[in-house]
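Novice: The structure under discussion is supplied below as structure tokens; questions concerning it will follow.
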């Protein structure tokens, strides 16, 4: 069975005083195992990613509209929706990252630390259209948003991914 990135444990060695069978205090060495939290990208960097990505989409839209092919507001709105969907789907499915994530050296991974599959990326992209989704980090797991939690994906740094892969390899 494949191990999830949330199932990685860290070994902690401690020394503490405990009473023995005779009621005397003695130092006892123990090994404890603690669940290692996934070090996902923090909120300020997530907002930076979003700002860069939306800027890139808007520039692409302005370039297309400058050709004179888009003449109505409805067509412009439709174009922005198509660009938004295409941008996130293509970037995250093929490269595991958008231009914003590229600048913050982060990637999208599934719950096993692998590249998310086609269905997951499609759902992740569509969830971004849920009203108030951008504010979902307020009532969910810290800096994770609905498009992360509902698809069991994580946005993590490349260094965190390397660390996770090394720990998973050691534990298998």
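Novice: Return the single residue from 29, 58, 21 with maximal mean-square fluctuation; model: Gaussian network over the chain, springs between Cα atoms under 10 Å.
Specialist: Evaluated over the chain, the most mobile residue of the options is 21.
Novice: So between residue 35 and residue 60, what do we pick up on full extension, going 0.36 nm a residue minus the alpha carbon distance? Spell out each step's value before the answer.
Specialist: Details: separation 25, 0.36 × 25 = 9.00 nm, distance 4.34 nm.
Gain on extension, residue 35 to residue 60, equals 4.7 nm.
Novice: Continuing with the same structure: Taking the chain as a Gaussian network, Cα atoms linked when under 10 Å apart, which of 88, 33, 112 shows the biggest mean-square fluctuation?
Specialist: 33
Novice: Can you give the extra length, in nm with one decimal, that the chain gains between residue 99 and residue 26 once fully stretched, where that is 0.36 nm per residue apart less the Cα-Cα distance?
Specialist: 20.6 nm
Novice: Ranked highest first by the average count of other Cβ atoms within 10 Å around their residues, in what order do 120-130, 151-161 fall?
Specialist: Values: 120-130: 17.0, 151-161: 19.5.
Put in order of decreasing packing, that is 151-161, 120-130.
Novice: Bin width 10 Å, alpha-carbon pairs only: give the P(r) of region 43-171 as whole percents, running from 0 to the bin holding the largest distance.
Specialist: Taking every Cα pair in region 43-171, the percentages come to 12, 40, 32, 12, 3, 1.
Novice: Using helices alone, what [θ] at 222 nm do you get for the chain, with -39,500 (n - 2.57) per DSSP H run of 4 or more residues, divided over all residues and rounded to the nearest 500? Show your work: numbers first, answer last.
Specialist: Working: 6 runs with 75 residues, N = 172.
Taking each H run of at least 4 residues, the total per residue is -13500 deg cm²/dmol.
Novice: So how much slack lies between residue 114 and residue 6, counting 0.36 nm per residue of separation and subtracting their Cα-Cα distance, in nm? The partial results should precede the final answer.
Specialist: Values: separation 108, 0.36 × 108 = 38.88 nm, distance 1.30 nm.
Length gained, residue 114 through residue 6: 37.6 nm.
Novice: Return a whole-number percent for the relative contact order of region 1-90, with Cα pairs under 8 Å and 6 or more residues apart as the contact set. Please list the in-between numbers first.
Specialist: Details: 65 pairs, mean separation 18.5, N = 90.
Relative contact order for region 1-90 comes out at 21 percent.
Novice: Still on this structure, I have one more. Using a Gaussian network model of the chain whose springs link C-alpha atoms within less than 10 Å, name the residue from 78, 56, 95 with the highest mean-square fluctuation.
Specialist: Between 78, 56, 95, it is 78 that shows the largest mean-square fluctuation.
Novice: What relative contact order, as a whole-number percentage, does region 43-171 give when Cα pairs under 8 Å and 6 or more residues apart are counted?
Specialist: For region 43-171, the relative contact order is 22 percent.
Every number in this text was worked out from the coordinates using simple rules, so none of it is lab data. None of these values were measured; they are calculated from a predicted model. Because the Cβ atoms are built from the backbone with ideal geometry, glycine has one as well, and the counts that use them run over all protein chains shown.
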